[in-house]
């Protein structure tokens, strides 16, 4: 009887251990993805702010802001951040920034998920101040 109980316990452990590792992986790597999303959002907001700040003197003078200057300022800020990629566009009187951060997984790589993506976006106005 004892040998049968040990066999059933081994089967239960063999089934539950991988499930437990996946749950732990989701918690650990889920936290890493949340941090990646927060970083991507923070960089996008800073880049949009940099674009707006770069054109502030023109806007204060009542002039139209230079789209090329705004894009360049935002791209410089994104390029200064390690591990962050992004795109910058001007649409009408707004600069729109999208960023992406890729982080490696700690535990989910055991089931074939080797990286997670965090994304962020921000928008800033380039209209002359009134």
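Tabulated values for the structure
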quantity: The stretch 79-101, residues that are more than 30 Å from residue 58 (Cβ to Cβ) and at pLDDT below 95; calculated: 82, 83
quantity: Residue check, residue 50 outside any strand (DSSP E or B), without any contact (Cβ under 8 Å) to a residue 40 or more places away in the chain, over 24 Å from residue 111 (Cβ atoms) and over 18 Å from the mean Cα position of the chain (by Cα); calculated: yes
quantity: Hits in the stretch 57-102 (condition: within 16 Å of the chain's Cα centre (by Cα) and either surrounded by fewer than 17 Cβ atoms within 10 Å (Cβ to Cβ) or in a loop (DSSP other than H, G, I, E, B) (or both)); calculated: 79, 80, 81, 82, 83, 85, 87, 102
quantity: Test: residue 50 is buried (at least 18 other Cβ atoms within 10 Å of the Cβ) and out of contact with any strand residue (DSSP E or B) (no Cβ under 8 Å at 6 or more places or on another chain); calculated: yes
quantity: Test: residue in the stretch 116-129 that is without any contact (Cβ under 8 Å) to a residue 40 or more places away in the chain, touching a strand residue (DSSP E or B) at 6+ places or on another chain (Cβ under 7 Å) and either under 20 Å from residue 35 (Cα atoms) or surrounded by fewer than 14 Cβ atoms within 10 Å (Cβ to Cβ) (or both); calculated: no
quantity: Odd one out for residue 113 among (1) farther than 30 Å from residue 21 by Cα; (2) in contact with a helix residue (DSSP H, G or I) (Cβ under 9 Å, 6 or more places away or on another chain); (3) touching a residue at least 60 places away in the same chain (Cβ under 8 Å); (4) not in a strand (DSSP E or B); calculated: (1)
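The values are calculated or read from the model by the stated rules, or taken from the named source; none is laboratory data. If you're wondering where the values come from, they're calculated on a predicted model, not measured in any experiment. A quick note on method: Cβ atoms are made from the backbone with ideal geometry, for glycine too, and the neighbour counts reach across all protein chains shown.
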